[in-house]
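> The following block contains the structure, expressed as structure tokens.
The values are calculated or read from the model by the stated rules, or taken from the named source; none is laboratory data. Bear in mind that the values here come from a model prediction, so they are computed numbers and not experimental data. Quick reminder, even Gly has a Cβ in these numbers, built from the backbone with ideal geometry, and neighbours come from all protein chains shown. What goes into the accessible areas is simple: the full protein's heavy atoms, side chains included, and nothing from ligands, DNA or RNA. Shrake-Rupley method; radii C 1.70, N 1.55, O 1.52, S 1.80 Å.
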Amino acid sequence: MTRVLVVEDDPQLVRALVINLQARHYGVDAAPDGATALRLAAARQPDVVLLDLGLPDMDGADVIKALRGWTRVPIMVLSARQASDEKVAALDAGADDYVTKPFNMNELLARLRAAVRRTEDTPLVPEFTLVETEHFSIDLLAKKVLRDGKDVRLTPTEWHLLEILVTNPGRLITQRQLLQEVWGVTQGNKTNYLRVYMAQLRRKLETDPSDPRYLITEPGMGYRFEG
């Protein structure tokens with residue numbers, strides 16, 4: 001049974017989440033504050049965490065950082081905070097997804113299932129050397145990209161950027177993470193680097209670069225690869 005830890009101080013929302021999750025045969029634990037959440041996470045070892053940022057005793061971002069000190073469990077933020085910088089801060093702290101309140105329950109459950117699937121796939125990552133899509137394939141070991149059977153020439157920077165995205169399929173990688181990984185730069189005003197290189201990658205890989213199928217932009221937040 002998949003275990004979910006719900007960290008939320010709104011009793012009505014907790015009740016709704018517990019009812020919906022249990023109806024779908026998830027095991028559910030609930031914590032009304034950060035301290036209880038950290039204690040339950042250690043004791044119950046959940047498979048996924050649903051976390052509100054506005055907790056009574058500590059900020060949700062601090063809960064994420066504390067969890068990331070010892071576990072890679074998927075963390076999905078549920079928050080009324082809609083500002084891009086709030087979302088980026090949570091994702092940079094180690095959250096895997098960010099859902100803005102109010103949310104559609106079916107969409108939330110679909111995202112939760114996707115987070116669990118990605119975790120179940122994690123043990124295969126060391127052998128994960130080939131990424132294949134309908135239009136191109138990426139050999140991570142040989143550092144080669146083929147499109148329609150022909151080599152696609154990528155610069156070292158383009159390759160590094162693509163490698164980060166495709167080895168985290170479906171996961172939003174923030175602008176800050178990409179800037180730091182690829183260029184060692186974290187300043188927000190350097191996001192033009194990303195725009196330029198993502199445009200180049202799309203021209204080389206996407207059938208319609210203006211309407212990308214694989215290299216997706218999350219406005220104001222970052223990018224994700226959808227295989």
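> Any idea how many residues of region 31-52 are out of contact with any Leu (no Cβ under 8 Å at 6 or more places or on another chain) and of a type in the set (A, V, I, L, M, F, W, C)?
Here the count works out to 3.
> May I pose another question? From the list 155, 167, which one is at pLDDT below 85 and surrounded by fewer than 17 Cβ atoms within 10 Å (Cβ to Cβ)? Quick ask: steps written out before the conclusion?
Numbers: 167 fails: at pLDDT below 85.
Exactly one of 155, 167 is at pLDDT below 85 and surrounded by fewer than 17 Cβ atoms within 10 Å (Cβ to Cβ), namely 155.
> Something else now. Do we find a residue being more than 20 Å from residue 111 (Cα to Cα) and at pLDDT 95 or above anywhere in region 12-21?
The first filter runs over region 12-21 and keeps only residues more than 20 Å from residue 111 (Cα to Cα), leaving 12.
From what's left, at pLDDT 95 or above: 12.
Yes, the conditions are met somewhere in region 12-21.
A quick yes/no check of all residues on (1) assigned to a strand (DSSP E or B); (2) touching a strand residue (DSSP E or B) at 6+ places or on another chain (Cβ under 9 Å); (3) open to solvent by 10 Å² or more (accessible area, probe 1.4 Å); (4) modelled with pLDDT under 95:
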residue	(1), (2), (3), (4)
30	yes, yes, yes, no
37	no, yes, no, no
51	yes, yes, no, no
62	no, no, yes, yes
66	no, no, yes, yes
70	no, no, yes, yes
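> Kindly check whether there is at least one residue in region 39-54 that is at positive phi and of a type in the set (S, T, N, Q).
Checking region 39-54: at least one residue is at positive phi and of a type in the set (S, T, N, Q).
> Hey, another quick one. Considering only region 141-214, give the helices (runs of 4 or more DSSP H) lying wholly within it that have at least 2 residues that are of a type in the set (Phe, Trp, Tyr). Lay out the reasoning, then the answer.
Numbers: elements: 156-166, 175-178, 191-205.
Filter on region 141-214 gives 191-205.
> Taking region 58-107 only, how many residues are among the basic types (Lys, Arg) and over 17 Å from the mean Cα position of the chain (by Cα)? Steps first, please.
Filtering region 58-107 for residues among the basic types (Lys, Arg) gives 65, 68, 72, 81, 87, 101.
Now restrict to residues that are over 17 Å from the mean Cα position of the chain (by Cα): 81, 101.
Total satisfying the criteria: 2.
> Taking residue 92 and the conditions (1) in contact (Cβ under 8 Å) with a residue 60 or more places away in the chain; (2) within 17 Å of residue 116 (Cβ to Cβ), which numbered condition does it fall short on, given that it satisfies the others?
Residue 92 satisfies all of (1) in contact (Cβ under 8 Å) with a residue 60 or more places away in the chain; (2) within 17 Å of residue 116 (Cβ to Cβ) except (2).
> On to the next question. Out of everything in region 10-24 that is under 17 Å from residue 53 (Cα atoms) and open to solvent by less than 70 Å² (accessible area, probe 1.4 Å), what residue ends up being farthest from the chain's Cα centre (by Cα)?
Of all residues in region 10-24, those under 17 Å from residue 53 (Cα atoms) come to 10-14, 17.
Filter again for open to solvent by less than 70 Å² (accessible area, probe 1.4 Å), leaving 10, 13-14, 17.
Numbers: 10: 25, 13: 23, 14: 23, 17: 21 Å.
Filtering region 10-24 for residues that are under 17 Å from residue 53 (Cα atoms) and open to solvent by less than 70 Å² (accessible area, probe 1.4 Å), the one farthest from the chain's Cα centre (by Cα) comes out as 10.
> Right, next: Does residue 5 count as closer than 18 Å to residue 79 by Cβ, surrounded by 15 or more Cβ atoms within 10 Å (Cβ to Cβ) and aliphatic (A, V, I, L, M)?
On the way: closer than 18 Å to residue 79 by Cβ: yes; surrounded by 15 or more Cβ atoms within 10 Å (Cβ to Cβ): yes; aliphatic (A, V, I, L, M): yes.
Yes, satisfied.
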